[in-house]
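Down below is the structure, laid out as structure tokens.
The values are calculated or read from the model by the stated rules, or taken from the named source; none is laboratory data. Quick caveat: nothing in here was measured; it's all calculated off a predicted structure. Virtual Cβ from ideal backbone geometry, glycine too; neighbours counted across all protein chains shown. Ligands, DNA and RNA are stripped out before the accessible areas are found, and what is left, the full protein with its side chains, is counted by its heavy atoms. Shrake-Rupley method; radii C 1.70, N 1.55, O 1.52, S 1.80 Å.
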Protein chains: 2
Amino acid sequence: MDSAIDAHLVCPRKLSRRVADDYQPPFPLWVARASQDLTQVVMAYFGVQYQGEEKKPAAMAALRKIVELFKAENGALHYDLTHHVDNQGYDNLIAVGYWRDPGAHCRWLRSQAVSGWWDSDERLADGIGYFREIVSPRAEQFETLYTHTDASKYPGVGAIMDGASGDIQEHAYWGSMRDRIPLSQTDWLQPSGTLDLISGDPQAGGRVKIRGHDNVALIRSGQNWSAADEDERTLYLGEMEPPLRQGMDFLRDNGPAVGCYSNRYVQNIDLDGNLLDETYCIGYWRSLALLERWAESHPSHLKIFVTFFRVIAGMQKLSLYHEVSVFDAGDQLYEYINCHPQTGMMRDAVMAVAEAA
Amino acid sequence: MDSAIDAHLVCPRKLSRRVADDYQPPFPLWVARASQDLTQVVMAYFGVQYQGEEKKPAAMAALRKIVELFKAENGALHYDLTHHVDNQGYDNLIAVGYWRDPGAHCRWLRSQAVSGWWDSDERLADGIGYFREIVSPRAEQFETLYTHTDASKYPGVGAIMDGASGDIQEHAYWGSMRDRIPLSQTDWLQPSGTLDLISGDPQAGGRVKIRGHDNVALIRSGQNWSAADEDERTLYLGEMEPPLRQGMDFLRDNGPAVGCYSNRYVQNIDLDGNLLDETYCIGYWRSLALLERWAESHPSHLKIFVTFFRVIAGMQKLSLYHEVSVFDAGDQLYEYINCHPQTGMMRDAVMAVAEAA
């Protein structure tokens, strides 16, 4: 059995795993592997926000523009597209791109094509909102988990990695997520500071920038039933999806009480906006510890968990995965243009100056 | 906030806790404290097993005899009495006594009064069964947990300790049970070997002795609603007790699948056999790790856990507690006289010789 932590990321431990060396998980799961040249990745969530069907063509055009930019020089190696309606009633489209080389991403971001488009005053006058949430975990700051071993089908960050592990030991116990993150060998992954509003005014619209703090945690947790036969579709849509939606709605609406800065439950779409049989959750948390506490004790998540354990053995074509990362403060960029003030990190950001006073 | 590990039991860690130093539990709980002179305790479960109402008077007389012995010189400092029906349809009465001084317990056990009674051939001819399961955790091998802070009312091992802690940090997360056991600072509490049948034949009845292995874990987990008002009684009996019973029945009947050697869900009684408003579970496990796995992932326990979290804030008079211990192989004594072969540790014990072959 493999360790979830790849050999080249193992280091002398200061902190112990939660389980002893002879721990045996009750069923197999896999993680994505990458060669040593992968030292840091970039996950760039570009969003388009609109209200009203009449804005949809402009929003879809903006989404396609982002995809066009992803395909430019130094662009994303992989991307996917989603739609969701938030709790303010706005439609949101997101294109998330993944880079394996932060240098390439930086050159891309500063390119005339990208910065010229994003920074243009025209964005303020498009009649739709934009956001970009760009985070860059180092290799030791993220982990993945998949119910299937065919790495050619891994979504998200797995798509820019190099393959699948053997079945891994660190799963099926609370704390295994932390134990899969290489940095947890030596570091508690504690949050420092606050989410600071560094420019702009969320209430006024326009451009807003927010600065993250150390060890903000991001979970992307997904479900793909596109290959499932009728029985598995029924299992997923009838039994797993309702408690999942309930749990995600809880986090979307009650984040401040549990330490979740933002939670979006999104459905994949194609470039024409057609819904695909694939969804995921994008959740930003103040810390990995707070994510752990919610996951292991909140009834809404325990219901998801119990359902998963009950059906895992019967899953053939339904595939599930997640990726969880923590970031240094400086490896996060949160920017909003004409989005409503509950969008993303804006809801929980505090005035940097007020905090200092 | 206190650590669950008392100051004199703290030692340099080889293994880390599961939570960081700034962890804050969402509600207060307490543990029992004892002065340094408490170095090892004894928990002695003496059982009487019978089938049929006509045997009840003899069984009750035997139970009273055990209580009489508990009160003899060097006897138990504290005891309680329970009744339960096992899954073979037998009634079982248990008197559990607690000693603070293993030397005193040893002198008591070897006294003519006790050994003369237990070892007598008359016990084989009483028409009822007997068992004794006597375990002796050192101070660093057990932990306690209470929903209330009045130590004068602590049941079980808490009754022979000296008081209550302040509210403690290590609770309300999976892994906190382990983190409360002082020995977990340096030791994984791993099981070694098997549960060995060392004399007698469970199928044949008569006297049977079983030898434990290192780090067998015992949980006593109790509920007392005797002081509860009508609302709390309804809450407990209507909402908490049914899932609790379901979980305990699962463990009683499916122990081998999850690593539980024996599970009894017992109700307290008085010396006349009248039922009291108090119950507890006595569960022996192959290891603390297996108890952890069941508790944190099995639907039947998660239902108990979620219900507890939901009602804890409204509990005034309903009191809950548990005590969890691990033992060295040599600090366990399991003996049965004319009990059915599914009783206690007999079900899962293996022939010591066969194992060696």
P(r) tail fraction, the protein assembly as shown - alpha-carbon pairs more than 36 Å apart, %: 49
Copy-to-copy label separations for residue A:330, where each label sits 7 Å from Cα toward Cβ, in nm and ascending: 5.8
10 Å-binned pair-distance histogram of the range A:133-268 (Cα, whole percent): 9, 29, 38, 19, 5, 0
For chain B: span of alpha carbons on each principal axis (Å, largest first): 59, 50, 41
Debye intensity ratio in log₁₀ form over the Cα atoms of the range A:46-185, taken at each q of 0.10, 0.15, 0.17, 0.22 Å⁻¹: -0.45, -0.88, -1.03, -1.31
Along each principal axis, Cα extent of the range B:1-47, largest first, Å: 42, 28, 20
Threshold 40 Å² - residues in the range A:302-348 whose accessible area is reduced by that much or more when the chain is no longer isolated, probe 1.4 Å: A:302, A:306
Positive-end residue of A:111, A:79, A:63, charge dipole of the range A:39-119 with Cβ unit charges: A:111
Nearest-first distances (nm) between copies at residue B:52, label 7 Å from Cα via Cβ: 8.7
Two-decimal Rg to Rh for the range A:187-257 - Kirkwood Rh, Cα set: 1.16
For the range B:92-250: relative contact order, % (alpha-carbon pairs under 8 angstrom, 6 or more apart): 14
For the range B:218-306: span of alpha carbons on each principal axis (Å, largest first): 37, 31, 18
Entries in B:71/B:209; B:56/B:209; A:153/A:317 that, when Cα-Cα distance is taken, lie over 22 Å: B:71/B:209; B:56/B:209
q = 0.15, 0.17, 0.26 Å⁻¹, the range B:39-117: log10 I(q)/I(0) [Debye, one scatterer per Cα]: -0.54, -0.67, -1.17
Viscosity 0.692 mPa s, temperature 37 °C, Stokes-Einstein D of the range A:307-348 from Kirkwood C-alpha radius, µm²/s: 226
Shape of the range B:169-225, Cα gyration tensor, a/c cut at 1.5: oblate
Accessible surface of the range A:56-189 [probe 1.4 Å, protein heavy atoms]: carbon and sulfur percent: 49
Dipole moment magnitude, nearest 20 debye, the protein assembly as shown about Cα centre, only Lys, Arg, Asp, Glu C-beta charged: 600
Loop sites in the range A:1-75: trypsin sites (Lys or Arg not before Pro), DSSP, at most 12 other Cβ within 10 Å: A:13, A:14, A:71
Under 17 Å from the Cα of residue B:14 - lysines, other chains or at least 8 residues apart: A:14
Teacher prompt: residue B:103 distances to equivalent labels in other copies, 7 Å Cα→Cβ, nm: 7.3
Within chain B: Cβ-based charge dipole about Cα centre, in debye rounded to nearest 20 (Lys, Arg +1; Asp, Glu -1): 520
Helix axis angle, A:56-70 relative to chain A longest principal axis, alpha carbon, degrees: 70
Rounded Å value of the spacing that divides the Cα centres of the range A:109-133 and the range A:283-357: 26
Accessible solvent surface per residue of the protein assembly as shown, calculated while the other protein chains remain in place, 1.4 angstrom probe, Å²: 39
Where B meets A: accessible area buried, both sides, 1.4 Å probe, Å²: 2000
